[in-house]
Amino acid sequence: MKQTDLRAPALAAAVRPATPQQRAARAARNGGEPTLEFAERVPYDAYVHASTLHRLQQPLSDDPGEMSFLMVSQIMELYFGLTCHELREAQRCLRADRVGDALAPLRRAALHLEGLNAAWKGLRWMTPADFNRFRNLLGEGSGFQSAMYRHLEFVLGLRDPALIRPFRRQTEVYDELCATLAAPSLWDDVVALLARRGFDVPAEVLERDVAEEHQPHPALEAAWVAVYADSGPDNHLRLLGEALAEVAEQFGDWRWNHVKAVQRTMGAKVGSGGSAGLAWLQRSMARVVFPELWSARTAM
């Protein structure tokens, strides 16, 4: 996916670096009060683009509750992207055999997922009657069609090539999804790391088509049992396992919160995007993120 260039000329013109000495001098000139006059755009807005963010809401109805639904959806999209960013950084570290360095982005990812889960609370007020006041205006629009959520699933190892088909007419989005699908998942990188560390990982696991979903293998389960047998503080692989488990657990909580939100607002009605709705979501939860990391606990 494309990354925003924070050094763009327009941004650099409004957001100028400042040293501690410059900040102290400014505070002295202001008598301890905040700066109220700027020659150009307010630096905070130039950096955060808050004014742009607050113009992105375009409700389809006059119902006041729709704004909650729309903005919470947008907040979740931002969290999807932020979590992907952290997981990709962890992948870069793992590919370079820097296991210790991978722990920080994984821990941040888990915290971002915790924030993502908290966003559901902003919709707990919604009853079927509340949702029905504007649901029909959404047409076939559905969270199932979130491209960034698909990126997140693919990076975590939940892979179904059919799920990128809705984006074929959005060329850039489709190409980015194809690229994520064709690249190793975070779990693939973890498996490759275990092999490099001397664990017995079969060739059929290492050489499989990464575009297909990983299937659990007893050799990987045995590897994690061996990893956890060493409880020493310098066992970075065990720390990696725990960081991955927290990510998987928080992601699982999001999926379960999604099921509960659908139950609360729709019951068992068919989904807006053409699926069976609640039943489809419940079936999808059977797909486990980092499966051997969990199954190994039975043998520990």
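The values are calculated or read from the model by the stated rules, or taken from the named source; none is laboratory data. This structure is a prediction, so every number in the text was calculated from the model and none was measured. Here the Cβ positions follow ideal geometry from the backbone for every residue, glycine too, while neighbour counts run over all protein chains shown. Surface areas here come from the heavy atoms of the whole protein model, side chains and all, with no ligands, DNA or RNA. Shrake-Rupley method; radii C 1.70, N 1.55, O 1.52, S 1.80 Å.
How about segment 135-149: which of its residues are of a type outside the set (A, V, I, L, M) and either more than 22 Å from Leu70 (Cα to Cα) or in contact with a helix residue (DSSP H, G or I) (Cβ under 6 Å, 6 or more places away or on another chain) (or both)?
If the condition is that a residue be of a type outside the set (A, V, I, L, M) and either more than 22 Å from Leu70 (Cα to Cα) or in contact with a helix residue (DSSP H, G or I) (Cβ under 6 Å, 6 or more places away or on another chain) (or both), then Gln145, Tyr149 are the ones that fit.
Taking into account only those residues within segment 16-50 that are among the aliphatic types (A, V, I, L, M) and not in a helix (DSSP H, G or I), which is nearest to Leu78 (Cα to Cα)?
Going through segment 16-50, the residues among the aliphatic types (A, V, I, L, M) turn out to be 18, 24-25, 27-28, 36, 39, 42, 46, 48, 50.
If we keep only those that are not in a helix (DSSP H, G or I) as well, we get 18, 36, 39, 42.
Numbers: Ala18: 28, Leu36: 30, Ala39: 31, Val42: 23 Å.
Looking at residues that are among the aliphatic types (A, V, I, L, M) and not in a helix (DSSP H, G or I), I get Val42.
Residues in segment 118-159 that are within 23 Å of Glu86 (Cβ to Cβ) and open to solvent by 40 Å² or more (accessible area, probe 1.4 Å): how many?
4
Of all residues in segment 48-90, how many are open to solvent by 70 Å² or more (accessible area, probe 1.4 Å), free of Cβ contacts under 8 Å to residues at least 40 places away in the same chain and under 13 Å from the mean Cα position of the chain (by Cα)?
Going through segment 48-90 one residue at a time, the tally reaches 2.
Mind telling me which of the residues Glu207, Glu246 ends up being of a type in the set (Asp, Glu), out of contact with any Gly (no Cβ under 8 Å at 6 or more places or on another chain) and either at positive phi or surrounded by fewer than 14 Cβ atoms within 10 Å (Cβ to Cβ) (or both)?
That would be Glu207, the only listed residue that is of a type in the set (Asp, Glu), out of contact with any Gly (no Cβ under 8 Å at 6 or more places or on another chain) and either at positive phi or surrounded by fewer than 14 Cβ atoms within 10 Å (Cβ to Cβ) (or both).
Exactly one of these conditions fails for Ser272: (1) under 19 Å from Val205 (Cα atoms); (2) at pLDDT below 95. Give me its number.
(1)
Of all residues in segment 134-157, how many are in a loop (DSSP other than H, G, I, E, B) and modelled with pLDDT of 95 or more?
1
With open to solvent by 20 Å² or more (accessible area, probe 1.4 Å) and either assigned to a helix (DSSP H, G or I) or touching a Gly at 6+ places or on another chain (Cβ under 7 Å) (or both) as the only criterion, which of Glu212, Glu221 stands out?
None of the other options fit; the residue is Glu221.
Which number in (1) out of contact with any Leu (no Cβ under 9 Å at 6 or more places or on another chain); (2) open to solvent by less than 60 Å² (accessible area, probe 1.4 Å); (3) in a helix (DSSP H, G or I) marks the one condition that Gly232 misses?
So Gly232 meets the others, but not (3).
Residue under question is His112, and the condition is that it be open to solvent by less than 30 Å² (accessible area, probe 1.4 Å), under 21 Å from Glu246 (Cα atoms) and within 12 Å of the chain's Cα centre (by Cα); does it hold?
It is false that His112 is open to solvent by less than 30 Å² (accessible area, probe 1.4 Å), under 21 Å from Glu246 (Cα atoms) and within 12 Å of the chain's Cα centre (by Cα).
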